[in-house]
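A.B. asks: Structure below; questions to follow.
Just so you know, all these numbers are worked out from the coordinates, no wet-lab data involved. For clarity, every value in this text was computed on a predicted model and none was experimentally measured. Here the Cβ positions follow ideal geometry from the backbone for every residue, glycine too, while neighbour counts run over all protein chains shown.
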Amino acid sequence: MPHTPQWIYIVFWTFSTIVMIFVFRHDWNRLAKLYSTQEAQPQNFSRMQSGSVGLVYYKGTLNVGTNSQGIYLSIFPLFSFGLTPLLIPWSAISKIEPANQLFIERFRLYLGSPKVKLILSKDILEPAKEFLATKGFEWI
């Protein structure tokens, strides 16, 4: 069997890393164009949560909070790679539906623009049920 040159492995690893960084940042960057914030985190703030933003599942690295303005999202600083915190207004949510998984109650939130889905646990969204009720979402 012929020997594969090491430079092929280096090129493959480098290309794979670049592709993964692009995939992880794509939906977050789309949201950041509209919803990037410099505001302080809200009082209802939970660190190191799990949830999805677009196609990426953030296991234990997502920080989430809610207030009267909307949903505050950030990534644990060690893994953020320059991704700015987001404050997504309640008015950006067009639909909410259950997205339960095994014994975890979760909800899928559809954003109107850009068309990105968030999946967050019920516990995280519980403090926001009064704000969501004013938008017509009676789901908790």
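A.B. asks: Normalise the Debye intensity by I(0) for the chain, one equal point scatterer per Cα, no solvent, then take log10 at q = 0.16, 0.21 Å⁻¹ and round to two decimals.
C.D. replies: -0.81, -1.35
A.B. asks: Please list, in chain and number order, the residues 5+ apart from Glu105 or on another chain whose amide H is under 5 Å from its amide H, with Hs placed from the backbone.
C.D. replies: Result for Glu105 returns Lys122.
A.B. asks: Test of understanding: what is the full-extension gain from Lys117 to Met48, defined as 0.36 nm times their sequence separation minus their Cα-Cα distance?
C.D. replies: Stretched fully, the Lys117-Met48 segment lengthens by 22.9 nm.
A.B. asks: Among 29-40, 69-80, 95-106, how do they line up by average Cβ neighbours within 10 Å per residue, starting with the highest? Numbers along the way, then the final one.
C.D. replies: Values: 29-40: 14.2, 69-80: 17.1, 95-106: 11.7.
Listed from highest to lowest mean packing, they are 69-80, 29-40, 95-106.
A.B. asks: While we're here: Quick one: net charge of Arg106's neighbours, Cβ under 14 Å, K/R +1, D/E -1?
C.D. replies: Details: positive: Lys59, Arg108, Lys117, Lys122; negative: Glu97, Glu105, Asp123, Glu126.
Combined, the nearby Lys, Arg, Asp and Glu give 0.
A.B. asks: Provide the per-residue ³J(HN,Hα) series for the stretch 105-120, in order, calculated from phi with Karplus coefficients 6.51, -1.76, 1.60 and θ = phi - 60°, each as a whole number of Hz, with x at glycine and proline positions.
C.D. replies: 7, 9, 10, 9, 10, 9, 9, x, 8, x, 6, 10, 9, 10, 10, 9
A.B. asks: So for Val64, Val116, fewest C-beta neighbours within 10 Å to most, what's the order? Before the final figure, lay out the partial values.
C.D. replies: Numbers: Val64 26, Val116 20.
Listed from fewest to most nearby Cβ atoms, that is Val116, Val64.
A.B. asks: On to the next question. Does anyone have the angle between helix 6-35 and the longest principal axis of the chain? Alpha-carbon axes, 0 to 90°, nearest 10?
C.D. replies: For 6-35 against the chain, the angle is about 20 degrees.
A.B. asks: Toward the positive end of the charge dipole of the chain, about the Cα centre and with charges on Cβ (Lys, Arg +1; Asp, Glu -1), which of Ser46, Ile8, Tyr35 goes farthest?
C.D. replies: Ile8
A.B. asks: Pairs of alpha-carbon atoms within less than 8 angstrom and 6+ residues apart define the contacts here; what relative contact order does the chain have, in percent?
C.D. replies: On the way: 221 pairs, mean separation 26.2, N = 140.
It comes to 19 percent, rounded to a whole number.
A.B. asks: Please list, in chain and number order, the residues 5+ apart from Asn63 or on another chain whose amide H is under 5 Å from its amide H, with Hs placed from the backbone.
C.D. replies: Here Met48, Gln49, Ser74, Ile75, Phe76 satisfy the definition.
A.B. asks: Using the Karplus curve 6.51 cos²θ - 1.76 cosθ + 1.60 with θ = phi - 60°, work out ³J(HN,Hα) for each residue of the stretch 122-132 in order, rounded to whole Hz, and write x for Gly and Pro.
C.D. replies: Coupling constants for the stretch 122-132: 4, 4, 5, 8, 3, x, 9, 4, 5, 5, 5 Hz.
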